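Since the structure comes first, as structure tokens, the remarks are kept for the end.
The values are calculated or read from the model by the stated rules, or taken from the named source; none is laboratory data. Please read these numbers as outputs of a predicted model, since none were measured by experiment. Using ideal geometry, Cβ is built from the backbone for each residue, glycine included, and neighbour counts are taken over all protein chains shown.
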Amino acid sequence: MLLKKENGWKQESVDKVRVFDFCKEYKISLDKGKTEREYVRYAIEIAEKNGFVKAETKEQLVPGDKVFYVNREKNVVLAVIGENPITEGLNYVVSHIDSPRIDLKQNPLYEELELAYMKTHYYGGIKKYQWASIPLSLHGVVILANGEKKDIIIGEGEDDPVFTIPDLLPHLAAKFQGERKTGEVIKGEELQIIVGTIPTKIKNSDVKELIKYAVLEELNKAYGMIEEDFISAEFQLVPAFKAKDVGLDRSLIGAYGQDDRICAYTSLKAILDLDGIPKKTAVTFLADKEETGSNGSTGLQSNYLEYFTSDLINRVKGNYSDLDLRKALWNSNALSSDVNAAMDPIFKGVHEAQNAAKLNYGIVVTKFTGSRGKSSTNDADAEYVWSIRNLLNKNGIIWQTGELGRVDEGGGGTVAMFLAQVGIKTIDVGPALLAMHSPFEVSSKLDIYETYRTYKVFFEDMV
Ligand code: MN
Ligand code: MN
């Protein structure tokens, strides 16, 4: 074949039953892990079921050992120790488990017109209007005044209440919203959820806002919370609906948070399903804070990747030097596993068709992301691109190349450049989505399966 690109479903080797089966558990993972903390818990649970143990429980690590590290409950790393000396490098598959969403403010609750509302601050790049008038669930953690920590999820159970940001009716929106730009149809400060309407029965002249007080009573009864506890809490609003098949042929999946739990799940499965002992130590790294620039101690701009790699070296070799770490990193390979944009016939003008990714064309290899003149990007070198291309072709993986939109159309970044910064050979590799960053992102089952296969052969064969 002179032409590489072909719709994956045309290939006879594709087993539809196997592809669809694989995606069943993927959908469950999306419903179970709607925040980074929940995803870390989910990952630990299935890692332990598959024989992984906390790294600190093993003083000496030998080839074949399976361990995991947890960074502040928001970032988790799984590793399978390889045969080769660890200073000859590791194979990292790095994705992120935070997704765009709406966080509660630290002092969120107020009452007006006898309605209780909570104020929010959005997280990551969202089109704010998409989050109005849909059911939202509240997920989070609160540390009470006495130090007790509570995990809270409201809105996922069949009988749970949900929350919503009520949009303005179209009858009265023509002037008020009609002249606003898209990014401001709903403004940041207008992203507020309604949380109650019934006043408290308490008779106390100090209590002026009876609805707000009643909301606090509910929270106190259910979780022992008082108003000040919001300060030491992280509450996130996410779409309350579950992952679903999309289309008459069920070839697609619609769900919240597929950027980037699609890569988190497939890389997790790939390391769990490894047969035998890999040559290079295999690492599945699930990061936090990518959507806000990877800052913070659980994001890729922190030193956690170096920190856990040092610890791994120390447990494998029985000693550690800074040079060992530098060598190991510089000899390593990584897939920055993140999603790209799929062409959409409705909005095809933002893409340059010859280089854009398409649904069902398999996993997307993206040499560079960034914006304008390739700024803020790791632009993978041709040699490394070849080694990935060769790996995919050798293993019969369905793949394509992609770029993030036409030149100067916009752009975006991934964690690739932060991996490259410490010397790891890195390239962006992940499936393409429609409606990325929306409450209901759309992916292709075939692409998900090929993503899983890619990460697996990367661990097994990449040297
Ligand atoms: Mn992403
Ligand atoms: Mn994103």
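For this structure, a couple of remarks:
- Residue match in segment 193-210 (condition: under 23 Å from PHE440 (Cβ atoms) and surrounded by fewer than 20 Cβ atoms within 10 Å (Cβ to Cβ)): yes
- Some residue of segment 162-169 being outside any loop (DSSP other than H, G, I, E, B), in contact (Cβ under 8 Å) with a residue 60 or more places away in the chain, more than 30 Å from VAL365 (Cα to Cα) and in contact with a helix residue (DSSP H, G or I) (Cβ under 8 Å, 6 or more places away or on another chain): no
- Among the residues examined, SER99 does not qualify as over 30 Å from GLU189 (Cβ atoms) and within 16 Å of ligand 2 (Cβ to nearest atom).
- For segment 245-268, the condition of being in contact (Cβ under 8 Å) with a residue 12 or more places away in the chain, under 30 Å from GLU59 (Cβ atoms) and either more than 16 Å from ligand 2 (Cβ to nearest atom) or in contact with a helix residue (DSSP H, G or I) (Cβ under 6 Å, 6 or more places away or on another chain) (or both) holds for at least one residue.
- Top-ranked residue in segment 113-126 [being within 16 Å of ligand 1 (Cβ to nearest atom) and in a loop (DSSP other than H, G, I, E, B); ranked as surrounded by the fewest Cβ atoms within 10 Å (Cβ to Cβ)]: GLY125
- Where a residue in segment 426-440 is outside any strand (DSSP E or B) and its partner, wherever it lies, is within 14 Å of ligand 1 (Cβ to nearest atom) and aliphatic (A, V, I, L, M), with Cβ under 7 Å and at least six apart: PRO431/ILE262; PRO431/VAL339; PRO431/VAL364; MET436/VAL339; MET436/ALA341; HIS437/ILE126
- Within the span defined as segment 35-56, every residue fails to be assigned to a loop (DSSP other than H, G, I, E, B), in the same structural domain as ASP273 (by TED's automatic domain parsing) and of a type in the set (D, E, K, R).
- Of all residues making up segment 132-163, the number that are polar (S, T, N, Q) and surrounded by fewer than 17 Cβ atoms within 10 Å (Cβ to Cβ): 2
- Selection count where residues are among the β-branched types (Val, Ile, Thr) and either within 14 Å of ligand 1 (Cβ to nearest atom) or buried (at least 24 other Cβ atoms within 10 Å of the Cβ) (or both), scope segment 428-446: 1
To keep it simple, each residue is scored yes or no on (1) in a loop (DSSP other than H, G, I, E, B); (2) more than 13 Å from TYR92 (Cα to Cα).
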site: PRO278; (1), (2): yes, no
site: THR284; (1), (2): no, no
site: GLY299; (1), (2): yes, yes
site: PHE308; (1), (2): no, no
site: ILE313; (1), (2): no, yes
site: ASN319; (1), (2): yes, yes
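- One residue from VAL365, VAL350 being assigned by TED's automatic domain parsing to the domain that holds ASP260 and within 23 Å of LYS280 (Cβ to Cβ): VAL365
- Selection status of VAL316, touching a Pro at 6+ places or on another chain (Cβ under 9 Å) and over 22 Å from VAL442 (Cβ atoms): yes
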